[in-house]
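Have a look at the structure below before the remarks.
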Amino acid sequence: MRRKGWRRSLLWLAALLLAGLLLLAYTFVPRRIDVAAYQAGATDFHPASVNPASLPDVQLSIIKCGKMISRQSFVYRGGSWNQTYESGMAAALIRHPRATFLFDTGFGTNVDEDFQHIPFLMRKLTVYDKEQPAIAQLAAGGVGAEQINMILLSHSHWDHVSGWEDFPATEGWMMREEADYSRALPDSELMKRMLDRVHLRELDLNGPAYENFDRSLDLFGDGSIVLVPLPGHTPGSMGMFVSLRSGKRFFFIGDLTWCREGVDLPAERPWLSRRLVDKDPEQVRRSIVRVHELAKRYPDLVIVPAHDRRVHEQIAAFPQVER
Ligand SMILES: [Zn+2]
C-alpha cells in the first residue's frame, strides 16, 4: 500500500517536471512580436531634415573591448540552439569639433572586479573574454583620458559602464530616469559602488520629436548627434543617432535587442533572458516595434545593437574612422 503511494507520488513529480520542461521549451519557440499590438505612435514620423553637407566633421570609431559567447537561442526568440552567438563588448568613440566622447565603455580595466558585483544568477550564466579596455586602446592611438570630454551611457548595466572607472575625471551622462534607477538598484552593488568613484550627470531629453520618437536631445544643436529615449530594458535606456557628412547614418540602440534579428523580425529575447535582464518587457516590445518601423523606413540607417559584433565589424575600428 505504502509502496503504491510512493510510486504514484513519483509519477506525479515526473509528470510535473516534464510539464515544466515543456513549458520552458515553449518559451524558446520562434515567435515574432505582434507589430500591430505595439504600433501606437511608432509610425508617426517627424523626419530629420539634415543636409549631410552642412554637418560638422564628426568622426566615429568602434572600440572592441571583449566578448561573451552564448547559444543564439538565448539572444532572440528564433535563435538556433546549434549556433553560438558572439556578443561584442564595445565602446563607440565620437569626435565632434566641440567634444570628444564615448558612447558606452565596454569592459574596463576593473571588469573582473565589476563582474563580482552583478546578480548571482547572471554571474553563474555568464562567461566572458577580455580584450584591451578602451583606455588602453585610446592611449595606444594617441588619445589620452583627459581628451575624453564626457561619456554617454545607454544604460547602467555592468557591461556598459565597466570602463567608466578608467576615466574618473570624466562625467558620465545618463538619462535622469536611468540615474534614479541605478541609485535604487536593489539587486546590484555595482552602480552603488561605482557612483562613489565617478561623476554622474543627469540628462533630460526634453527636445522636440525626432523621427518616430516623441522627444529627443540634439546634443550640439547641429543635427549630428541626437539622443532619444528607448525605455524597457531599463527605465532610462537611451539611444543615439549619429549623422555624418558622408551621408552615413547610425543608430545605437543599447540593449533594446542583442542582435539585428531582434529589430528586423522583430523578436524579443526568450522568457529566461527577459527574466534576467529586462525591467519592463511590455515597454521593450513597444520600443522594438518603434525601431523596427524606423529600420523599414530607412533601409540605409545602420542600426547598432550594443552587442552585435557582426554590425560592429561594419564600423571602422579605432584608430580608423567613419566620417
Ligand atoms: Zn549589455
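The values are calculated or read from the model by the stated rules, or taken from the named source; none is laboratory data. Keep in mind it's a predicted model, so treat the numbers as computed, not measured. FYI the Cβ positions are ideal-geometry reconstructions off the backbone, even for glycines, and counts take in every protein chain you see.
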*State which residue pairs qualify: first residue over 30 Å from Ala140 (Cα atoms) and inside the range 59-88, second residue outside any loop (DSSP other than H, G, I, E, B) and aromatic (Phe, Trp, Tyr) in any location, beta carbons under 8 Å apart, and separation of 6 or more residues or different chains.*
Ser70/Tyr85; Arg71/Tyr85; Gln72/Tyr85; Phe74/Tyr85; Val75/Tyr85; Gly79/Tyr85
*Quickly run through the range 134-170 and pick out the residues that are assigned to a helix (DSSP H, G or I), within 15 Å of the ligand (Cβ to nearest atom) and not aliphatic (A, V, I, L, M).*
Trp158, Asp159, His160, Ser162, Gly163, Trp164
*Out of Asp57, Asp112, report the one residue that is more than 15 Å from the ligand (Cβ to nearest atom), of a type in the set (Asp, Glu) and either in a loop (DSSP other than H, G, I, E, B) or at pLDDT 95 or above (or both).*
Asp57
_Residue that is surrounded by fewer than 17 Cβ atoms within 10 Å (Cβ to Cβ), of a type outside the set (D, E, K, R) and within 14 Å of the ligand (Cβ to nearest atom), where the choices are Leu121, Leu125_ = Leu125
*Within the bounds of the range 303-314, is there any residue that is in contact (Cβ under 8 Å) with a residue 60 or more places away in the chain, more than 16 Å from the ligand (Cβ to nearest atom) and not hydroxyl-bearing (Ser, Thr, Tyr)?*
no
*Got a number for residues in the range 103-118 being surrounded by 15 or more Cβ atoms within 10 Å (Cβ to Cβ) and on the phi < 0 side of the Ramachandran plot?*
11
*Are there any pairs, at least 6 apart or on different chains, whose C-beta atoms fall under 6 Å, with the first in the range 185-204 and within 14 Å of Asp114 (Cα to Cα) and modelled with pLDDT under 85 and the second in a loop (DSSP other than H, G, I, E, B) and among the polar types (S, T, N, Q), and if so, which?*
Met191/Ser156
*Is one or more of the residues making up the range 218-234 under 17 Å from Arg297 (Cα atoms) and touching a residue at least 12 places away in the same chain (Cβ under 8 Å)?*
no
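Which count do you get for residues in the range 88-104 that are part of a strand (DSSP E or B) and within 16 Å of the ligand (Cβ to nearest atom)?
Residues in the range 88-104 being part of a strand (DSSP E or B) and within 16 Å of the ligand (Cβ to nearest atom): 7 in total.
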*Run Ala42 past the list (1) surrounded by 11 or more Cβ atoms within 10 Å (Cβ to Cβ); (2) modelled with pLDDT of 95 or more; (3) part of a helix (DSSP H, G or I) and report the number of the one that doesn't hold.*
(3)
_Subset of the range 237-272 that is β-branched (Val, Ile, Thr) and away from the ligand (no atom under 15 Å from the Cβ) - its residue that is surrounded by the fewest Cβ atoms within 10 Å (Cβ to Cβ)_ = Val242
*In the range 273-290, which residues are within 16 Å of the ligand (Cβ to nearest atom) and touching a residue at least 60 places away in the same chain (Cβ under 8 Å)?*
Ser273, Leu276, Val277, Lys279, Ile288
